[in-house]
Amino acid sequence: MTNSAKSLDCDAIVIGAGFAGLYMLRKLRDELGLTARVFERGDNVGGTWYWNRYPGARCDSESYIYCYSFDRELLQEWEWSGKYPEQPEILSYLNHVADRFDLRRSIDFNTSVVSAHYDDARDRWEVTTDKGEVIASRFLITGIGCLSAGQVPDIQGRELFKGESYHTGAWPHEGVDLQGKRVGVIGTGSSGVQSIPVIARDAAQLFVFQRTPQYTIPARHGTVDKAFLDNVKANYDEIWREAKTSAGGAPYTPIDRSALSVSEEERNAVYEDAWQQGGFKFVLASFNDIVIDPRANETASEFIRSKIREIVNDPVTAEKLVPKDHPFTSKRALIDTDYFDTYNRDNVTLVDIRESPIQEITETGIRTAAADYDLDVIVFATGFDAMTGPYFKIDIRGKDGVALKEKWSAGPRTYLGISTAGFPNLLMITGPGSPSVLSNMPVSIEQHVEWIADTISTMRAQGKQTIEADAQAEADWVEHVNAMAQPTLFMQADSWYLGANIPGKPRVFMPYVGGVGAYRIKCDEVAAAGYEGFVLA
Ligand SMILES: Cc1cc2nc3c(=O)[nH]c(=O)nc-3n(C[C@H](O)[C@H](O)[C@H](O)COP(=O)(O)OP(=O)(O)OC[C@H]3O[C@@H](n4cnc5c(N)ncnc54)[C@H](O)[C@@H]3O)c2cc1C
């Protein structure tokens, strides 16, 4: 490919140096021998784990599967210290990977891609960075993340606030001293639930501005038992085989038992045991129908509600924390450490902004319909413009100058979440329409990276220059993704999966609910059938 593309600056440009971009670079440069350049906005590798340094930031996937599987030695040499790794540990891991495979020399840090235009006449992407550099490349591969475009709500008066304010996804690297301060946290999604208990320990006063009460399961962190880790390392082949063929990208054996098939007493005993063990096993290893059947789901939802009422001392606060407007797991499932207990602290106040909406941010704090809250620090734990947000921050234009933003104005349209018609050689890692955020993401990322690398390798062998989704195959996939999501409980909540956290965003369920195992089979079948549904030219 390098020989046939003399007018190109490189064979492939990869955007992003998180889990996706790093592995993509390794594949393209070191295995396929292509010239590849990576552009990364941050000044180092890590992606999510470079940006999200808020107090309490950690992973909800268990450490031994929140990593790459592609290198046996890497798997054997890295030692995780806990059940769920904290942000600094995952960042160290990704730095270790970058060093181990000498990846940094191909990455331009502190560099954002601002536009990428497809030149139809010459079949190449012209990519412009914020440094003013324009680079031509055969392939444009996005490892820009599903959750990398932070969302700060447009609250009137935000610029007037005289104190400090931070988004959890852009937390200062030097940390923030919250000791003895009056802190307001807006948002109770995953970042809020993780950070609130930790902030409460430092702050003089903490006000939590809650719009949506959450179901969250105790994580039960603990140091990973050495014997457990040794066992994992000895059995990694089998663990990855299970994870890669599972629905969620984790090697948990599904329980073949309905929540409605047992007595209430037995059911609650199962829930209690799962609650004590902690983590996502509450969902995956209790009953097989709590994420599918509304009646089964209600038994789990009700169990968690009863736990909230049990943990939180003040009944009025407890009732405000109890979710009643959406079923458990219809939003991203959360796990926490001491989240509900935190509301028993004297220095913590829950402010229900459904009841009394935020009216404005003032010089001194936050004004709701009911009261003024004087604050030194405002923390926006308000999440991300998920999945499409990072794409729309780049001016991506395909054939005939068509903007991706226009093409996706009614919701993202992809074939397999990898390609979109009219944008040849734009290949997306965990794009909308793939399992992505519904899975343990390193497993999904590896599958996409490997599929893309194999595709480029096949194209090279066959002398093909471009690959692009066929419009009909794309339409069929979009319909399939929607049809799969429609009957699920996911449609019953206003979640970021549906774009509901972004004013004006079309209400479209973006990830693919079919599961990583079934999805992998589909991608492999497509490739085996000569890239069915793609046009190779
Ligand atoms: C707080 C938090 C907790 C999470 N917990 C879990 C979990 O428990 N389990 C799980 O599986 N997943 C979790 N995730 C999802 C997580 O994003 C993925 O697991 C994984 O890190 C994604 O890797 P990535 O490389 O695809 O994207 P990212 O890690 O998001 O990296 C994308 C990179 O692209 C860069 N970039 C974007 N646009 C541009 C541009 N225009 N120019 C240059 N650079 C650009 C960004 O700076 C970023 O560094 C979590 C996410 C968050 C935010």
Item to complete: Quick one: in the stretch 492-537, of everything that is of a type in the set (S, T, N, Q) and part of a loop (DSSP other than H, G, I, E, B), which residue is most open to solvent (accessible area, probe 1.4 Å)?
Response: 501
Discussion item. I want to confirm something. Restricting to the stretch 163-185 and keeping residues that are open to solvent by less than 10 Å² (accessible area, probe 1.4 Å) and away from the ligand (no atom under 14 Å from the Cβ), which single residue is nearest to residue 219 (Cα to Cα)?
Written reply: 185
Fill in: Of all residues making up the stretch 137-157, the number that are surrounded by fewer than 16 Cβ atoms within 10 Å (Cβ to Cβ) and among the charged types (D, E, K, R)
1
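One line per residue, one yes/no per condition, for (1) assigned to a loop (DSSP other than H, G, I, E, B); (2) open to solvent by less than 20 Å² (accessible area, probe 1.4 Å); (3) at pLDDT below 95:
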site: 316; (1), (2), (3): no, no, no
site: 328; (1), (2), (3): yes, yes, no
site: 354; (1), (2), (3): yes, no, no
site: 363; (1), (2), (3): yes, no, no
site: 370; (1), (2), (3): yes, no, no
site: 379; (1), (2), (3): no, yes, no
site: 413; (1), (2), (3): yes, no, no
Discussion item. From the list 86, 62, exactly one residue is within 16 Å of the ligand (Cβ to nearest atom), within 30 Å of residue 198 (Cα to Cα) and open to solvent by 20 Å² or more (accessible area, probe 1.4 Å). Which is it?
Written reply: 86
Worksheet item: Can you tell me which residues in the stretch 419-458 are open to solvent by 10 Å² or more (accessible area, probe 1.4 Å) and acidic (Asp, Glu)?
Response: 450, 454
Item to complete: Kindly provide the set of residues from the stretch 459-469 that are of a type in the set (Val, Ile, Thr) and open to solvent by 10 Å² or more (accessible area, probe 1.4 Å), ordered by number.
Response: 466
Worksheet item: Within the stretch 388-398, is there a residue that is of a type in the set (A, V, I, L, M, F, W, C), crowded, with 16+ Cβ neighbours inside 10 Å and away from the ligand (no atom under 16 Å from the Cβ)?
Response: no
Discussion item. Condition first: away from the ligand (no atom under 16 Å from the Cβ), open to solvent by 30 Å² or more (accessible area, probe 1.4 Å) and in contact with a strand residue (DSSP E or B) (Cβ under 9 Å, 6 or more places away or on another chain). Can you find one or more residues in the stretch 128-136 that meet it?
Written reply: no
Practice prompt. Just give me the residues in the stretch 159-188 being aliphatic (A, V, I, L, M) and outside any helix (DSSP H, G or I), in sequence order.
Written response: 176, 178, 183, 185, 186
Worksheet item: Could you give every pair whose Cβ atoms fall below 6 Å, whose first residue belongs to the stretch 125-141 and is farther than 20 Å from residue 452 by Cβ, and whose second residue is not in a strand (DSSP E or B), counting only separations of at least 6 or pairs across chains?
Response: 129/111; 130/112; 131/111
Worksheet item: In the list 31, 40, which residue meets the criterion of being at pLDDT 95 or above, within 8 Å of the ligand (Cβ to nearest atom) and closer than 27 Å to residue 118 by Cα?
Response: 40
Discussion item. Criterion first (within 14 Å of the ligand (Cβ to nearest atom), over 28 Å from residue 231 (Cβ atoms), assigned to a loop (DSSP other than H, G, I, E, B) and of a type in the set (Asp, Glu)) does residue 102 satisfy it?
Written reply: no
Worksheet entry | Criterion: surrounded by fewer than 20 Cβ atoms within 10 Å (Cβ to Cβ), within 29 Å of residue 395 (Cα to Cα) and touching a residue at least 24 places away in the same chain (Cβ under 8 Å) - qualifying residue of 105, 100, 122 | 122
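For residues that are assigned to a helix (DSSP H, G or I) and touching a residue at least 12 places away in the same chain (Cβ under 8 Å), scanning just the stretch 214-237, find the one that is nearest to residue 339 (Cα to Cα).
Looking at residues that are assigned to a helix (DSSP H, G or I) and touching a residue at least 12 places away in the same chain (Cβ under 8 Å), I get 229.
Could we say that residue 57 is out of contact with any helix residue (DSSP H, G or I) (no Cβ under 7 Å at 6 or more places or on another chain), within 14 Å of the ligand (Cβ to nearest atom) and either without any contact (Cβ under 8 Å) to a residue 40 or more places away in the chain or aliphatic (A, V, I, L, M) (or both) here?
So residue 57 fails the test.
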Discussion item. Against the definition (touching a Ser or Thr at 6+ places or on another chain (Cβ under 6 Å) and either surrounded by fewer than 18 Cβ atoms within 10 Å (Cβ to Cβ) or farther than 22 Å from residue 248 by Cβ (or both)), how does residue 39 come out, yes or no?
Written reply: yes
Worksheet item: On the given criteria, is residue 46 touching a Gly at 6+ places or on another chain (Cβ under 7 Å), in a loop (DSSP other than H, G, I, E, B), near the ligand (Cβ under 9 Å from one of its atoms) and touching a residue at least 40 places away in the same chain (Cβ under 8 Å)?
Response: yes
Worksheet item: Yes or no: residue 183 among the β-branched types (Val, Ile, Thr) and closer than 30 Å to residue 503 by Cβ?
Response: yes
Item to complete: Please give the number of the condition residue 200 fails out of (1) out of contact with any strand residue (DSSP E or B) (no Cβ under 8 Å at 6 or more places or on another chain); (2) more than 15 Å from the ligand (Cβ to nearest atom); (3) open to solvent by less than 10 Å² (accessible area, probe 1.4 Å).
Response: (1)
Item to complete: Would you check if residue 24 is aliphatic (A, V, I, L, M), modelled with pLDDT under 95 and either within 9 Å of the ligand (Cβ to nearest atom) or buried (at least 18 other Cβ atoms within 10 Å of the Cβ) (or both)?
Response: no
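The values are calculated or read from the model by the stated rules, or taken from the named source; none is laboratory data. Just so we're clear, the structure is a prediction, and the values are computed from it rather than from any experiment. As a convention, Cβ positions derive from the backbone with ideal geometry for all residues, glycine included, and neighbour counts pool all protein chains shown. Ligands, DNA and RNA are excluded from the accessible area calculation, which covers all protein heavy atoms including side chains. Shrake-Rupley method; radii C 1.70, N 1.55, O 1.52, S 1.80 Å.
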